[in-house]
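Let me begin by presenting the structure, written as structure tokens, before commenting on it.
The values are calculated or read from the model by the stated rules, or taken from the named source; none is laboratory data. Please read all numbers here as calculations on a predicted model, not as lab measurements. Cβ coordinates were reconstructed from backbone atoms using ideal geometry, including for glycine residues, and neighbour counts include every protein chain displayed.
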Amino acid sequence: GDVLVFLPGERDIRDVARALRSRTSTGMDVLPLYSRLSLDQQAKVFQPHGGRRIVLATNVAETSITVPGIRYVIDPGNARISRYSARSRVQRLPIEPVSQASANQRAGRCGRVQNGICIRLYDEDDFENREPFTQPEILRSNLAGVILRMLALGLGEVSTFPFIEPPRRAMIEEGYETLHELGAINEQAQLTSVGRTLARLPIDPRLGRMLLAAMSTGALREVLVIVAGLSIHDPRERPADRLDAADRAHQMFADDASDFMALLNLWNWYHERVREGPWSAVKRACVDQFVSFIRMREWQDVHHQLRESCREIDASARTSLNAAPADFDAIHRALLAGLLSQIGRRDDRERGRYLGANATTFHIFPGSCLYRTTPRWVVGSDIIETKKRYAHGLARVRTDWIEEAAGHLVKRT
């Protein structure tokens with residue numbers, strides 16, 4: 001029978017796969033399985049095969065995907081759990097022990113059609129002392145979007161709302177701080193006109209704030225594309241066995257000053273292929289450039305939905321898509337409006353380190369276009385902490401843009 005091994009993350013999977021391939025005999029397949037893997041790569045675990053197969057998976061294989069033919073499960077008992085830190089306002093991905101419920105889900109992956117064996121790499125006392133269930137997402141996520149919807153619906157005080165699992169006070173307060181930063185609420189925690197408009201958009205308030213700012217800077221056409229792209233999985237694929245080839249192919253989309261512009265370049269490249277047609281050629285071009293055709297179609301769908309939402313807002317705000325292409329400044333001034341807590345200033349005391357909001361520090365992600373240039377001021381779409389705290393999706397910004405976007409947060413004496 002086949003073997004399913006649970007591992008915390010992509011790097012662990014690559015390392016274990018490399019070790020297994022150097023030691024296993026011919027006729028034994030070692031296959032990775034995680035959410036960012038291309039659909040073609042994921043599909044390999046479902047294809048018929050003759051020998052034994054070892055599938056190395058993250059917790060995506062707990063419930064999202066059922067891998068056929070699994071006879072043995074090896075469970076080290078840990079996983080990367082997404083947690084939002086209210087103090088540092090950083091999305092963390094620590095490796096933590098899985099709950100009893102998750103462990104039982106993993107054990108249930110074997111023996112679907114015949115008796116199976118689950119080998120846990122931890123003892124029974126450890127299992128018995130674990131949390132019964134995984135902590136609900138509302139207790140470990142940014143609550144700005146939840147609070148915004150509740151305010152728009154007039155549901156009263158968030159702290160007294162009868163949640164099944166009430167979030168901590170610190171998380172609620174941080175959610176309000178985020179909304180104030182975006183200009184969605186005033187000092188009395190009441191919705192502003194910006195907040196009422198944001199509540200009508202079907203996306204994270206920070207992304208919505210970028211769209212509203214783009215209506216003012218004359219960059220709505222471009223920012224719609226970027227925001228839709230930030231709302232989905234990155235369509236650029238990096239197969240574990242062809243990383244260098246994928247990076248070379250993606251270089252044609254790169255921009256020296258902004259990872260956001262790389263998204264825009266990818267979008268424009270794809271639509272040039274669509275205009276040239278036919279669809280078979282578009283799909284072939286996507287394969288050649290290591291781009292997921294399915295995720296590009298998803299990007300189009302999200303873009304269409306957001307454009308329709310903006311049209312409803314435009315009717316009342318008397319704004320429209322810009323006819324002429326927007327310049328770099330107009331695009332990034334709009335993006336900055338939704339990312340004020342993710343600005344960083346270069347720390348000249350340590351190479352590559354940046355000083356961020358709330359006394360935090362971060363480094364530029366190695367895959368960013370800014371990794372080697374380290375400009376004085378940057379803004380990132382995400383700051384994620386694994387073993388190290390990295391900012392992803394970066395662009396250089398100017399101090400006058402920051403002053404303009406954050407004017408409502410400055411106290412003058």
In this structure, does V194 turn out to be free of Cβ contacts under 8 Å to residues at least 24 places away in the same chain, surrounded by 18 or more Cβ atoms within 10 Å (Cβ to Cβ) and in a helix (DSSP H, G or I)?
yes
Considering I232, I294, I313, which residue is surrounded by fewer than 19 Cβ atoms within 10 Å (Cβ to Cβ), of a type outside the set (F, W, Y) and not in a helix (DSSP H, G or I)?
I232
Is the range 231-247 home to any residue that is hydroxyl-bearing (S, T, Y) and closer than 16 Å to A334 by Cα?
no
Failed condition for A57, given (1) surrounded by fewer than 19 Cβ atoms within 10 Å (Cβ to Cβ); (2) farther than 30 Å from E174 by Cβ; (3) in contact with a strand residue (DSSP E or B) (Cβ under 8 Å, 6 or more places away or on another chain); (4) free of Cβ contacts under 8 Å to residues at least 60 places away in the same chain:
(1)
Please list, ordered by residue number, the strands (runs of 3 or more DSSP E) wholly in the range 1-71 having 1 or more residues that are touching a His at 6+ places or on another chain (Cβ under 8 Å).
28-33
Just checking, how many residues over the range 237-259 are surrounded by fewer than 15 Cβ atoms within 10 Å (Cβ to Cβ) and small (G, A, S)?
1
Out of G175, G154, I need the residue that is surrounded by 21 or more Cβ atoms within 10 Å (Cβ to Cβ) and modelled with pLDDT under 95. Which one?
G175
Kindly indicate whether L370 is buried (at least 16 other Cβ atoms within 10 Å of the Cβ), more than 24 Å from the chain's Cα centre (by Cα) and not assigned by TED's automatic domain parsing to the domain that holds S85.
no
Do the conditions hold for D29, that is, is it surrounded by fewer than 15 Cβ atoms within 10 Å (Cβ to Cβ) and modelled with pLDDT of 85 or more?
no
For strands (runs of 3 or more DSSP E) lying entirely in the range 320-394, having 1 or more residues that are farther than 30 Å from G218 by Cβ picks out 353-355, 361-364, 377-385
Return the pairs, sorted by first residue and then second, in which the second residue is surrounded by 15 or more Cβ atoms within 10 Å (Cβ to Cβ) and aromatic (F, W, Y), the first residue lies in the range 62-73 and is free of Cβ contacts under 8 Å to residues at least 60 places away in the same chain, the beta carbons are less than 8 Å apart, and the residues are 6+ apart or on different chains.
E62/F6
